[in-house]
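The values are calculated or read from the model by the stated rules, or taken from the named source; none is laboratory data. The structure displayed is predicted, hence computed values, not measured ones. With ideal geometry, Cβ positions are generated from the backbone for all residues, glycine too; neighbour counts draw on all protein chains shown.
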There are 2 protein chains.
Amino acid sequence: MTEPLKLGATIGILGGGQLGRMLSLAASRLGFKTHIYCPDRDSPAFEVTPHKTVAAYDDRSALQKFAALVDAITYEFENVPAGTAETLAPLKPLRPGANALAISQDRLAEKSFIANLGIPVAPHRAIHTANDLAPALGELGGRGILKTTRLGYDGKGQRRVSSLAEAEAAFAELKPYPLVLEALVPFTVEISVVIARGIDGKSAAFDPAENVHSDGILATSTVPAGVSAQTADLARAHAAAIAAALNYVGVLGVEFFALADGSVIVNEIAPRVHNSGHWTEAVCVTDQFEQHIRAVAGWPLGDPSRLADVVMENLIGDRITAIPADLGPGIRPQAYGKAESRPGRKMGHLNRVAVKTPRK
Amino acid sequence: MTEPLKLGATIGILGGGQLGRMLSLAASRLGFKTHIYCPDRDSPAFEVTPHKTVAAYDDRSALQKFAALVDAITYEFENVPAGTAETLAPLKPLRPGANALAISQDRLAEKSFIANLGIPVAPHRAIHTANDLAPALGELGGRGILKTTRLGYDGKGQRRVSSLAEAEAAFAELKPYPLVLEALVPFTVEISVVIARGIDGKSAAFDPAENVHSDGILATSTVPAGVSAQTADLARAHAAAIAAALNYVGVLGVEFFALADGSVIVNEIAPRVHNSGHWTEAVCVTDQFEQHIRAVAGWPLGDPSRLADVVMENLIGDRITAIPADLGPGIRPQAYGKAESRPGRKMGHLNRVAVKTPRK
């Protein structure tokens, strides 16, 4: 455990997308400087700080220079190459640590890790060769979702299969191996818990959000979620146990399937601020971005209390025209500053806040 | 009236202090780029955008280049020189306009303008020469506050006087002339209304804040203010009338004295986001910074609804060590990224949010 960062210190952020951008904005609110490292010259996060490095993630020399310019390092995406983390970690505090990255980069390792904590995950089988498909399908009820173990996001790298023929076709297309076949879980709703854990080991979870996906991409997050208080507490407890077992520092997203009996199954985890936590910026005393920066800085965590009910809607592709076209009462918008709108690209989001009549 | 700014447009901001910084952060949330113009190389706002101009406010060539790089222009302080506004206004939309600047830069012009709207201001007399002091004191009850008409802020450029001798001593020290002698108003509380007005003429006021000053500098703003709903409505109505009469575009701060009979007297106005509106970022659907940027962009105004009670505390000088030392439950901090702490310097603020137990 190192000293807390001082006001005016510089936080280095790997990744220049919307999450890096919003992390930088939160860091600025707290009086920090930020330095964005990203290979893409047109990164949206480059617009919110004067300090940037445009270089590949495996450019050791650039990484070393970057580390020399910052006081702590974090990242906006879980697919930071292991070599990048290995280069940076000895030079400056890297939070969350390489352990969380390694586990969350591999679906099989992640599921084993979580199951070993006594927390339920979906039944699944490793698929190393096409010969593994038939027995796995047999054991999982004849259908499931075939997924890559690495580099999947927003529904990419996965295929729903209902027969051996479909599974074989999907196996031929999905790369790299091994894959994992997951059983279909008869969930009632999908929920997520965004939790922060500080270097002192204390944690603070936001209220669970109820998530609806469309074409594999998060469409809306609604808070409060349509689950019982018991289920919400169970999900928080699982999230806290996972964060503690990882000796985690920062914000962690944990996605769950909620079942009809009130139990929950972990779908996946993400060692970073999470799309299903974007509602927090509109209605929480401390939002997920500030919470992450506080943890990375070694500061005490903030208060995750929620002041109102809210629905977050992702603005995908041309739906970004909702800003400023659809900005009615109760709506708090965020646009990511991406120059080009493409189908399936996350361009911004709206938070619809349930406003109650205030006392004047 | 010009077209609304498009996403990705650049908003130019004159002034690189904390208000410019927070305006830039709000503009970034809305998907705009920002360009900060400030003569001071170490401006805190330079840390939140890669686009800056370091030049004097009367550097016509630099102003013209700046105007060519941006799509609309605003400012963080009311003392933008008239020549600066004259250079910029023909080149790009300047919001709020030169009219609001001219009136708010001169206490006498401001008081006349407001009084002409039928809105009460404190009794006052223009003091052009020392010979004006004795009759003015006589008419105003033998005491008052002697103020410069121009360039005052945070209690600078004013002196409380209780005798002719004190008034003459103050007159000799305060510059430039003319001065204004204001009667002491027997107020019960000081309140302020931060109001936004869009290019469509619609306006949206935040709830009035109750302000406490210390050594002439705002110490705290508390919402709701300790005034009746009728007094709050009256203050809002006056603020709306002033904004309309100025044909104002942007956020305007209006400070009032509230009297025991429920009436209010305008103390002064500021054609910009206002320190007594910093609480809005913690508890409102749309905060004053976003509201100002929306108006400057020609976008519809946002929802000023308040989600919780709140007290904003300015962190002056070394009190900035409250971040991160005093960050307990309900506290949302903001630090301005100023390298050097000096007595009387605004370094950051805390919002203490009155959190009610949320439903999980």
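At-a-glance table
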read-out: Within the stretch A:20-61, considering residues that are touching a residue at least 24 places away in the same chain (Cβ under 8 Å) and small (Gly, Ala, Ser), the one nearest to A:Lys338 (Cα to Cα); value: A:Ser43
read-out: Within the stretch A:133-149, tally of residues that are crowded, with 18+ Cβ neighbours inside 10 Å, out of contact with any Phe, Trp or Tyr (no Cβ under 9 Å at 6 or more places or on another chain) and either basic (Lys, Arg) or not in a strand (DSSP E or B) (or both); value: 4
read-out: Single match in A:Ile242, A:Ile265 (criterion: away from every other protein chain (no Cβ under 14 Å), farther than 25 Å from A:Ala98 by Cβ and not aromatic (Phe, Trp, Tyr)); value: A:Ile265
read-out: Sole exception among (1) closer than 18 Å to A:Ala115 by Cβ; (2) within 12 Å of chain B (Cβ to nearest Cβ); (3) free of Cβ contacts under 8 Å to residues at least 40 places away in the same chain for A:Ala237, by number; value: (2)
read-out: B:Asp207 being among the charged types (D, E, K, R) and either over 24 Å from the mean Cα position of the chain (by Cα) or surrounded by fewer than 19 Cβ atoms within 10 Å (Cβ to Cβ) (or both); value: no
read-out: Members of the stretch A:95-132 that are within 18 Å of A:Asn267 (Cα to Cα), outside any loop (DSSP other than H, G, I, E, B) and of a type in the set (S, T, N, Q); value: A:Ser104, A:Ser112, A:Asn116
read-out: Subset tally (residues that are at pLDDT 95 or above, small (Gly, Ala, Ser) and in contact with an Asp or Glu (Cβ under 9 Å, 6 or more places away or on another chain)) for the stretch A:145-198; value: 2
read-out: Yes/no for B:Leu69 being at negative phi, among the hydrophobic types (A, V, I, L, M, F, W, C) and crowded, with 24+ Cβ neighbours inside 10 Å; value: no
read-out: Residue within the stretch A:41-57 that is of a type in the set (Phe, Trp, Tyr), farther than 20 Å from A:Gly348 by Cα and at the interface with chain B (Cβ under 9 Å from one of its Cβ atoms) present; value: no
read-out: From the options B:Ile36, B:Ile13, residue that is more than 20 Å from B:Ser104 (Cβ to Cβ) and either touching a strand residue (DSSP E or B) at 6+ places or on another chain (Cβ under 6 Å) or part of a helix (DSSP H, G or I) (or both); value: B:Ile36
read-out: Those residues of the stretch A:331-344 which are under 21 Å from A:Gly16 (Cβ atoms), of a type outside the set (D, E, K, R) and more than 9 Å from every other protein chain (Cβ to nearest Cβ), in sequence order; value: A:Ser341, A:Gly344
read-out: Extreme residue, farthest from A:Arg294 (Cα to Cα), among residues of the stretch B:316-330 that are surrounded by 21 or more Cβ atoms within 10 Å (Cβ to Cβ) and facing chain A (nearest Cβ under 10 Å); value: B:Ile320
read-out: Number of the condition not met by A:Gly20 [criteria: (1) more than 14 Å from chain B (Cβ to nearest Cβ); (2) under 25 Å from A:Ile242 (Cα atoms); (3) not charged (D, E, K, R)]; value: (1)
read-out: Flag for B:Ala258 being among the hydrophobic types (A, V, I, L, M, F, W, C), touching a Gly at 6+ places or on another chain (Cβ under 6 Å) and assigned by TED's automatic domain parsing to the domain that holds B:Ala237; value: no
read-out: Pick from the stretch B:73-93, criterion in a helix (DSSP H, G or I) and surrounded by 15 or more Cβ atoms within 10 Å (Cβ to Cβ), ranking: farthest from the chain's Cα centre (by Cα); value: B:Thr87
read-out: Qualifying residue in the stretch B:220-232 (condition: touching an Asp or Glu at 6+ places or on another chain (Cβ under 6 Å), surrounded by fewer than 21 Cβ atoms within 10 Å (Cβ to Cβ) and within 24 Å of B:Gly157 (Cα to Cα)); value: yes
read-out: Subset tally (residues that are away from every other protein chain (no Cβ under 12 Å) and either more than 28 Å from A:Pro329 (Cβ to Cβ) or of a type in the set (A, V, I, L, M, F, W, C) (or both)) for the stretch A:296-315; value: 3
read-out: Matching residues, the stretch B:137-176, being within 19 Å of B:Pro186 (Cβ to Cβ) and touching a strand residue (DSSP E or B) at 6+ places or on another chain (Cβ under 9 Å); value: B:Leu137, B:Glu139, B:Leu140, B:Arg143, B:Gly144, B:Ile145, B:Leu146, B:Lys147, B:Gln158, B:Arg160, B:Val161, B:Ser162
read-out: Condition check for A:Glu182: acidic (Asp, Glu), on the phi < 0 side of the Ramachandran plot and in contact with a helix residue (DSSP H, G or I) (Cβ under 8 Å, 6 or more places away or on another chain); value: no
read-out: Selection within the stretch B:304-344 - of a type in the set (A, V, I, L, M, F, W, C), at pLDDT 95 or above and either touching a Phe, Trp or Tyr at 6+ places or on another chain (Cβ under 7 Å) or part of a loop (DSSP other than H, G, I, E, B) (or both); value: B:Leu307, B:Ala308, B:Val310, B:Met312
read-out: The stretch A:107-132 residues that are surrounded by 14 or more Cβ atoms within 10 Å (Cβ to Cβ), paired with ones that are in a strand (DSSP E or B) and of a type in the set (D, E, K, R) (beta carbon under 7 Å, 6 or more apart); value: A:Arg107/A:Lys147; A:Glu110/A:Glu268; A:Ala122/A:Glu182; A:His124/A:Glu182; A:Asp132/A:Arg125
read-out: Subset tally (residues that are modelled with pLDDT of 95 or more, acidic (Asp, Glu) and under 22 Å from B:Ala240 (Cα atoms)) for the stretch B:58-100; value: 1
read-out: Selected residue (only one of A:Ala172, A:Ala204, A:Ala196 is in a strand (DSSP E or B), farther than 20 Å from A:Ile103 by Cβ and not basic (Lys, Arg)); value: A:Ala204
read-out: Residues that are part of a strand (DSSP E or B), more than 9 Å from chain A (Cβ to nearest Cβ) and touching a Gly at 6+ places or on another chain (Cβ under 9 Å), drawn from the stretch B:345-356; value: B:Lys346, B:Arg352
